[in-house]
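Student: Following this message is one structure expressed as structure tokens.
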Amino acid sequence: MENKKNILDRFKALPVNRYLDLIVLVFLLVFPLFCSNYWVYVMSGIIAYMIFALSLDLLWGYTGLMSMGHSVLFGAGGYMVGISCAYISKAGWVDFDRLPWFLLPLSSEIGAFLMALVLPALISLMIGFFMFSGKIKGVFFSLITLALSGVAELFVINQSKYTHGNSGISVISRTVISNSKEARLDDFTFYYVVLAFLILAYIICLMIVNSRIGKVLQAVRENEERLTFFGYKPSAFKLLIYTISGMIAGLAGVLYVRTQGNINSSAVGITLATLVLVWVAIGGRGNLTGAMVGTLVLQIAETKLNSVFSGISADFTQYWKMVLGFLILLIVFTIPKGIVGTIIDVQQKHKDRRQKEKILLREETAYHEESGKHIA
Amino acid sequence: MRNQENILLEVKHLSVEFNGFQALTDVNMKIHDGELHVIIGPNGAGKTTFMDLVTGKSTPTTGIVLFEGVNITGKSTTEITRKYHIGRKFQGPNVFDNMTVKENIEIAMEGYSSMTKCVFFHKSAAFKDKVSEILGLIDLYDYRQFMASDLSHGQRQWLEIGMVVAQNPKLIILDEPTAGMTADETYKTGEMIKRLKGEHTLIVVEHDMDFVRQVAEYVTVLNYGQVLAEGTMEEIQNNDEVIAVYLKED
Ligand SMILES: Nc1ncnc2c1ncn2[C@@H]1O[C@H](COP(=O)(O)OP(=O)(O)OP(=O)(O)O)[C@@H](O)[C@H]1O
Ligand SMILES: [Mg+2]
């Protein structure tokens, strides 16, 4: 009995957004039961994007590092799977017999999957090392990552020997690791595999942000210099989270590529890097929920509107993109903390105000009792 | 009590120049172990600059800073904090705004700032007790779940004092801890600081003379980046030069 109450209390103490997480989870769990195969496929891609958004939220929302080129890490993961798949299945355009030494793991399926996690982590470790030891901060960090994304796009197109340039690479879809056609799952099953990865990524992120490391990261975001006066080395913490974030982005890239069945240079490009920023900004930074909700809502809206408007006329797609862009700007200006961020904010302010009233009331009664005693 | 043996912090011939502007000129000062040393002086006298030099935020043009006899001039703030245990409260509350009061204290707690300590951190009962004790000391226990940004100005000052106490430094440096406080709050802060004496050595910069009289043992007066006078509160109050440049406004 005692125990039961305790658990109930702990549930009540959870911030509102954890309930939202639960709603999102239930929604995603039942979604395929009510939808066409096409939407199950679309949603698998969106879930992969949600993982991507989570990785950015760790970096931007929690640590305050606004990466404007996060797609580099997403695409790096995706391309590992792509190159491996092309090499193993000997795609028509492949005219190399052996992989360069640093891509050797790609000759095995498992190796490719691991490389898809390790390479993005290494890339962010390297970028992070140069930036953070060079004391590059704030808008400069953003601009450099943005430039890197542009460079990565060109790099991928230029290295057509391995990446098949502009045409991109076809990949066996609806598997996680295997490259054989027989191993392909149906849309329905694959959807739940991707969802399982989202849940895993979410739990990892939640554990990180609730740990002491997570609190230090938030302190970096709030006031990095102040932290050094408490004996911390902020750059070490930034490097750690950048690396973890890179790995999660790489995982998202793999899942997305495996959903789509192909990858091209846009996976590392500026457009995707900007999109993920928008999802996180609209949903709300620094609470994990916002990143997921933002991606979900905006991507569903985009897909829906796309089909509605392209049904009317091809030109219309241009217009609704403008409308959507305008709506996004409106949200950013009216609620800078994003949808979920604003909800949490209002709740916290409300809680603080109520607690303050309680404290003042208690102090007042204590004061009256005190003066009552004196009179008596 | 003030003798040669128990000097905790000593600065020798400290000068610093910012693009041609001489902010400090040949400052010599000794802070003794266990004392509460107040620094006063008009705006722009170089009080904050002095603290910047001691805590490694900036480096002196000439001169050295000795802490327990070790030359710490030019060392990083992280090292000075972690290895030499100097804690500092900034002028105007400088806390982590979008985090709760409790989280602010927890971040500051002594001994958990290295990466490994953070990774293997486990919130022990002793840790929680210590946090609660500090929340009690700064009278913010009931406010522990508040966002730091939702506190009043005075409470934010206390929060930062609490954070510095949580670091458990040998030397605590407080830059204008009562700025912007009501008379009641200022008095309460004075009592708080007096309670810290004995366990820590303190340097306090303050303008509020009532407050200085409440807490001070030993006072240094800075003016135009130079030491104008130093001595006990009584000596300072009767020093003609100090009265002329500083105390006359009262
Ligand atoms: N980094 C810097 N660059 C240029 N000038 C500086 C810098 N830091 C301080 N100064 C100058 O040095 C002088 C002393 O400043 P400081 O902040 O130490 O004064 P203070 O005694 O703390 O005054 P207050 O009572 O107003 O806090 C000021 O004139 C200030 O403009
Ligand atoms: Mg100052």
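Student: For B:LYS123, are the conditions met, namely being part of a loop (DSSP other than H, G, I, E, B), over 25 Å from B:ASN238 (Cα atoms) and among the basic types (Lys, Arg)?
Tutor: yes
Student: If you take the residues of segment A:93-115 that are in a helix (DSSP H, G or I) and in contact with a Phe, Trp or Tyr (Cβ under 8 Å, 6 or more places away or on another chain), which of them is surrounded by the fewest Cβ atoms within 10 Å (Cβ to Cβ)?
Tutor: A:SER107
Student: Another question, then. Of everything in segment B:79-98, what is within 7 Å of chain A (Cβ to nearest Cβ) and surrounded by 21 or more Cβ atoms within 10 Å (Cβ to Cβ)? Give them in sequence order.
Tutor: Passing the criteria: B:THR81, B:ARG88, B:PHE96.
Student: Let me ask something additional. State yes or no: is B:GLU133 outside the structural domain of B:THR49 (by TED's automatic domain parsing), more than 22 Å from B:GLU191 (Cβ to Cβ) and among the acidic types (Asp, Glu)?
Tutor: no
Student: Sticking with this one: So if I check each of A:LYS321, A:LYS356, which one is within 14 Å of another protein chain (Cβ to nearest Cβ) and in contact with a helix residue (DSSP H, G or I) (Cβ under 9 Å, 6 or more places away or on another chain)?
Tutor: A:LYS356
Student: Now for a different question. Within segment B:88-111, count every residue that is in a loop (DSSP other than H, G, I, E, B) and away from ligand 2 (no atom under 16 Å from the Cβ).
Tutor: 8
Student: Taking into account only those residues within segment B:109-126 that are over 16 Å from A:ILE213 (Cβ atoms) and either more than 13 Å from every other protein chain (Cβ to nearest Cβ) or surrounded by 12 or more Cβ atoms within 10 Å (Cβ to Cβ) (or both), which is modelled with the lowest pLDDT?
Tutor: B:GLU110
Student: Check whether at least one residue in segment A:332-339 is within 14 Å of chain B (Cβ to nearest Cβ), in a helix (DSSP H, G or I), closer than 29 Å to A:ILE204 by Cβ and charged (D, E, K, R), and report yes or no.
Tutor: No: segment A:332-339 contains no residue that is within 14 Å of chain B (Cβ to nearest Cβ), in a helix (DSSP H, G or I), closer than 29 Å to A:ILE204 by Cβ and charged (D, E, K, R).
Student: Condition check: surrounded by fewer than 17 Cβ atoms within 10 Å (Cβ to Cβ), within 9 Å of chain A (Cβ to nearest Cβ) and polar (S, T, N, Q). Does B:SER76 satisfy that?
Tutor: yes
Student: Given the residues A:VAL346, A:VAL293, A:VAL332, A:VAL297, which is the only one that is buried (at least 18 other Cβ atoms within 10 Å of the Cβ), closer than 30 Å to A:LEU59 by Cβ and not basic (Lys, Arg)?
Tutor: A:VAL293
Student: Assess whether B:ASP52 counts as being within 14 Å of chain A (Cβ to nearest Cβ), within 16 Å of ligand 2 (Cβ to nearest atom) and without any contact (Cβ under 8 Å) to a residue 60 or more places away in the chain.
Tutor: Yes, satisfied.
Student: Looking at segment B:208-250, what helices (runs of 4 or more DSSP H) fall wholly within it and have at least 3 residues that are hydrophobic (A, V, I, L, M, F, W, C) and surrounded by fewer than 20 Cβ atoms within 10 Å (Cβ to Cβ)?
Tutor: B:240-245
The values are calculated or read from the model by the stated rules, or taken from the named source; none is laboratory data. Only a predicted model underlies this, so the values are computations on that prediction, with no experimental measurement involved. Methodologically, a virtual Cβ is constructed for each residue, glycine included, from the backbone with ideal geometry; neighbour enumeration extends over all protein chains shown.
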